[in-house]
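K.L.:
This structure is in structure tokens; I'll ask about it shortly.
Every number in this text was worked out from the coordinates using simple rules, so none of it is lab data. Nothing here was measured: the structure is a model prediction, and the numbers come from that model. Counting neighbours? That spans all protein chains shown, and the Cβs are built from the backbone with ideal geometry, glycine included.
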Amino acid sequence: MNRKLPAVLLGAAMAFVLAACGSGSGGSGGDDGKITLGFSQVGSESGWREANTKSIKESAQTAGIDLKFSDAQQKQENQIATIRSYIQQKVDVIAFSPVVVTGWDAVLKEAQAAKIPVVLTDRAVDSDPSLYVSFLGSDFVKEGEAIGDWTLNEYKDATAPVNIVQLEGTVGSAPAIDRKKGFESKIASNPNLKVIASQSGDFTRADGKEVMTAILKANPKIDLLFAHNDDMGIGAIQAIEEAGKKPGADIKIVTIDAVHDGMQALADGKINFIAECSPLLGDQLMDIVKKIKAGQPVEKRIITEETTFTQQQASEALPNRKY
Ligand code: GYE
């Protein structure tokens, strides 16, 4: 996977940005002087996604950017079709949150041939970095590591095996791949920590519940659940309660995102720990878009700042959370 960015490519990307905006022609934003941004969203699978969509729409409005927005319903073919239509409409900049990491080369090359700069938000692709201008989003490996560190500490005195279940995000998506990698790399140092089941719940509450119900039936002893997002964790809480067990006590639960409903479950004692993943990418995205149009340099990789929450910290933070 080619997600490391050799320095030499930074220069190449810059040259591309400058070439793409040097002439000032071609953009559909010409008529009223507004910049036009075409954005292809993954879907509306989670509370995180809802907050992310709201952030992008609000920030576009505040920035005076004309936003064309499309929801791909978690299907790559929909995203590709939308990006092609943005190319045809000659938008000034295309941004998208790629549902999976593979399969983007052709459409990214089409955008480059049309001199339309592309910004990745939230999720990565495995295409050559010269095919996009910037990538704005979280460090998902770090989030998985934060969950792994909590787990190592929680079970540091364990003398018997700790049975762990993992509910993975969308198969082939950057957050599912990287969170699993970060988590598993950490827990590998304690041989008592055993992942006994690991399956995708596609980042949704419904699938989280369904998959956890089946896993509970097949595994009488589960100590810890790691769900790759809050929504799957909340779905699993329902499954655990229906199985007559107490979430947060009989089965401990750790998740990623820290959206409102996750934080509420954490404050209520049903989740034990959450690593934050901020969906508030709108303002930074609009800044990038404006810089690109102004021919100014933009950073190739912009990493979102995030933290972690214990139950106590969640109770304290909840009243002031924006999402
Ligand atoms: O964690 C999950 C959403 O890509 C970071 O996608 C995002 C993830 C987020 O569905 O809730």
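K.L.:
What does the charge dipole of the chain about its Cα centre add up to, to the nearest 20 debye, if the Cβ of each Lys and Arg holds +1 and the Cβ of each Asp and Glu holds -1? Intermediate results must be reported in sequence, preceding the final value.
P.N.:
On the way: 35 positive and 42 negative charges, 107 e Å.
For this selection, approximately 520 debye.
K.L.:
Another question about this same structure. Where both partners of a DSSP beta bridge lie in the chain, what percent of those bridges are antiparallel, to the nearest 5?
P.N.:
Values: 2 of 41 bridges.
Of the beta bridges lying entirely in the chain, close to 5 percent run antiparallel.
K.L.:
Note the per residue figure in Å³ for the convex hull of the C-alpha positions in region 140-277. Don't skip to the end; give the middle numbers.
P.N.:
Working: hull volume 12.4 nm³, N = 138.
Expressed per residue, the convex hull around the Cα atoms of region 140-277 is 90 Å³.
K.L.:
If contacts are Cα pairs under 8 angstrom and at least 6 residues apart, what is the relative contact order of region 140-277 in percent?
P.N.:
Values: 288 pairs, mean separation 34.2, N = 138.
About 25 percent, as a whole number.
K.L.:
Something else now. Compute the convex hull volume of the Cα atoms of region 39-154, divide it by the residue count, and report the result per residue in Å³ as a whole number. Don't jump to the answer; show the numbers that get you there.
P.N.:
Numbers: hull volume 13.7 nm³, N = 116.
Spread over its residues, the Cα hull of region 39-154 gives 118 Å³ apiece.
K.L.:
Next question, about the same structure. For LYS90, which aspartates and glutamates qualify as cross-link partners when the Cα separation must be under 18 Å and same-chain residues fewer than eight apart are set aside?
P.N.:
The reachable aspartates and glutamates, counting only those whose Cα sits under 18 Å from LYS90, are ASP31, ASP32, ASP66, GLU110.
K.L.:
Moving to a separate point now. Using the C-alpha gyration tensor of the chain, what are the square roots of 5 times its eigenvalues, in whole angstrom, with the largest one first?
P.N.:
Those come to 39, 19, 17 Å.
K.L.:
Here's something else I'd like to know. Find, among the trypsin sites (Lys or Arg not before Pro) in region 281-323, those assigned to loop by DSSP (not H, G, I, E, B) with at most 14 other beta-carbon atoms within 10 angstrom.
P.N.:
Values: sites: LYS290, LYS291, LYS293, LYS300, ARG301, ARG321, LYS322; in loops: LYS300, ARG321, LYS322.
Hits after loop and neighbour filter: ARG321, LYS322.
K.L.:
Now, a different point. Is there a pair in LYS194/LYS221; LYS54/LYS115; LYS142/LYS181; LYS109/LYS291; LYS34/LYS68 whose C-alpha atoms are over 18 Å apart, and which pairs would that be? Numbers along the way, then the final one.
P.N.:
On the way: LYS194/LYS221 12 Å; LYS54/LYS115 28 Å; LYS142/LYS181 9 Å; LYS109/LYS291 22 Å; LYS34/LYS68 12 Å.
As for pairs spanning more than 18 Å Cα to Cα, those are LYS54/LYS115; LYS109/LYS291.
K.L.:
Mind checking which aspartates and glutamates have their C-alpha under 13 Å from LYS245, skipping anything on the same chain fewer than 8 residues away?
P.N.:
Qualifying aspartates and glutamates at Cα under 13 Å: ASP223.
K.L.:
If you don't mind, another one. Along the Cα→Cβ direction, 7 angstrom out, place labels at SER315 and VAL171. What is the inter-label distance in nm?
P.N.:
Going by the 7 Å Cα→Cβ label model, 4.2 nm.
K.L.:
To the nearest 0.05, how large is the calculated FRET efficiency for THR102 and ALA81 if R₀ is 22 Å and r is the Cβ-Cβ distance? Can you show the working numbers first?
P.N.:
On the way: r = 17 Å, r/R0 = 0.78.
The computed FRET efficiency comes out at 0.80.
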